[in-house]
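Structure, as C-alpha cells:
Coordinate-derived values only; no laboratory data. Values in this document were obtained by computation on a predicted structure and should not be read as measured data. All Cβ positions, even for glycine, are placed from backbone atoms using ideal geometry, and neighbour counts span all protein chains on display.
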Amino acid sequence: MFRQLALHLLWILGAILVACPAHAEICGYPEKGTLVVYRGDQMAADFQVALAESPEQYRKGLMGCGSITPGTGLLFIYPDAKRRVFWMKNTPLALAIIFASPGGQILAIEAGHPNSTRRIRSPDAIQYVLEINYAEADQLRIGDRFALRLIPQ
C-alpha cells in the first residue's frame, strides 16, 4: 500500500514538473516569455526571450555574453517608438539585430559582428529590437510580425 502511494505521489510530482518547466536565464536575464513570429497566418519561428526594459538594460544588452542557446534571445521593449542605434562593443558573438515597429512588424534585420563599434541604425521609428544568434536570422523576413506571450508571474 505504501509503495503504491509513493509511486502515485512520484507520478503527480513528475506531472507537475512537466507542466511547470523551470525558466532559464538568457545571459543573466530571466526568461520572461515566448516571442512567436508569424508570416501571414503561419508561424515562422519562435524564441524563448528575456526582456530588456530599463535604460540600464538597454545599455548593457548582451555585452559580455559569450553565447546564447539556440532558440533564445533578448527582446528590447522601449516605452516609445523612435530611431535607435545599436553596436556590438564588448559582445563576443555574432548576433542578428531585428528592428520592429510598435505593431510588431519586422522592419529590418541587421548583422551584428562580434566586438564591432560600427553603429547599427534602425531604418525608421521602432519600439522593439530582438537580438538572436545570427545563424537563426534566416528564419525571419522583413514584413513578418511577432507576438509576445509572457510567462505568468
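Summary of values
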quantity: The range 126-147 residues that are over 15 Å from ALA44 (Cα atoms), paired with ones that are among the basic types (Lys, Arg) and not in a strand (DSSP E or B) (beta carbon under 8 Å, 6 or more apart); calculated: ILE126/ARG83; ILE126/ARG84; VAL129/ARG84
quantity: Yes/no for THR91 being in contact with a Leu (Cβ under 6 Å, 6 or more places away or on another chain) and β-branched (Val, Ile, Thr); calculated: yes
quantity: Identity of the residue in the range 103-153, polar (S, T, N, Q) and not in a loop (DSSP other than H, G, I, E, B), that ends up farthest from GLU25 (Cα to Cα); calculated: GLN105
quantity: Flag if ARG59 is basic (Lys, Arg), over 21 Å from ARG145 (Cα atoms), over 15 Å from the mean Cα position of the chain (by Cα) and surrounded by fewer than 19 Cβ atoms within 10 Å (Cβ to Cβ); calculated: yes
quantity: Residues of the range 70-95 satisfying the condition of being farther than 15 Å from LEU35 by Cα and not in a loop (DSSP other than H, G, I, E, B); calculated: TYR78, PRO79, ASP80, ALA81, LYS82, VAL85, PHE86, LEU95
quantity: Which numbered condition LEU95 fails, given (1) farther than 18 Å from ALA44 by Cα; (2) more than 14 Å from the chain's Cα centre (by Cα); calculated: (2)
